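Take a look at the structure below.
Just so it is clear, none of the values below were taken in a lab; they were calculated from the coordinates. Only a predicted model underlies this, so the values are computations on that prediction, with no experimental measurement involved. Counting neighbours? That spans all protein chains shown, and the Cβs are built from the backbone with ideal geometry, glycine included.
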Amino acid sequence: MATPEFEFTELLPLGHDDTPYRLVSKDHVTTIETPLGSMLIVDPEALTLITQEAMRDIAHFLRPGHLQQLRNILDDPEASDNDRFVALDLLKNAAISAGGVLPMCQDT
């Protein structure tokens, strides 16, 4: 049996990012000057705060780009009825979860 040829693929390639980011807080972070240059000091409270915010956002919101992709499926004349059904169901789910009470349904 022949050995398949190895082809390297970057695991997490960097590229253009259109994700809108928001400032969570300016608290709990400071900079100090050292002989080696500026150093960022991050209080543990900052890590707790951004983790809480991230977990809430992940559970309740889709990125605008993802929402646009779902909308594009609805507008695509070549999309199947099933494609449209799934896209519409995901959009309905996104609208409900954006209320912040019920998270996105992971099995949709």
Practice prompt. For S38 and A2, calculate 0.36 nm times their separation in residues minus their Cα-Cα distance, and state this gained length in nm to one decimal.
Written response: 7.5 nm
Discussion item. Please compute the modelled spin-label separation between Y21 and E78, points set 7 Å along Cα→Cβ, answer in nm with one decimal.
Written reply: 3.5 nm
Practice prompt. Among M39, M104, M1, rank each residue by its count of other Cβ atoms within 10 Å, from fewest to most, as a rough exposure measure.
Written response: M1, M39, M104
Response to the item:
Helix 44-60: inclination vs the chain longest Cα principal axis, degrees, rounded to 10, gives 10 degrees
Worksheet entry | Fewest-first sequence of D83, D18 by Cβ atoms within 10 Å of each Cβ | D18, D83
Item to complete: Take every Cα pair under 8 Å in the chain that's 6+ residues apart, average their separations, divide by the length, and report that relative contact order as a whole percent.
Response: 19 percent
Discussion item. Students often check this: by mean Cβ neighbours within 10 Å, which of 25-37, 42-54, 2-14 ranks highest, and how do the rest follow?
Written reply: 42-54, 25-37, 2-14
Worksheet item: Taking amide H positions as placed 1.01 Å from N in the peptide plane, with prolines and chain starts having none, which residues 5 or more places from M104, or on another chain, fall under 5 Å of its amide H?
Response: H60
Discussion item. At a 10 Å Cβ-Cβ cut-off, how would you order I73, I96, fewest neighbours first?
Written reply: I96, I73
Worksheet item: Could you state the number of Å between the C-alpha centres of the range 2-46 and the range 73-89?
Response: 36 Å
Response to the item:
Evaluated at 4 °C and 1.567 mPa s, the Stokes-Einstein D of the chain based on the Kirkwood radius over Cα pairs, in µm²/s, stands at 71 µm²/s
Worksheet entry | Positive-end extreme of charge dipole, the chain - chosen from F8, S38, A98 (charges on Cβ) | A98
Response to the item:
Expected unfolding gain across R71-I96 under the 0.36 nm per residue rule, minus the alpha-carbon gap, is 7.4 nm
Worksheet item: Relative to a virtual label point 7 Å from the Cα of L49 in the Cα→beta-carbon direction, which members of the range 2-23 show backbone nitrogen distances below 18 Å?
Response: 21-23
Fill in: Per-q log10 I(q)/I(0), the range 62-101, q = 0.16, 0.18 Å⁻¹ (Debye; single scatterer per alpha-carbon; no solvent)
-0.38, -0.47
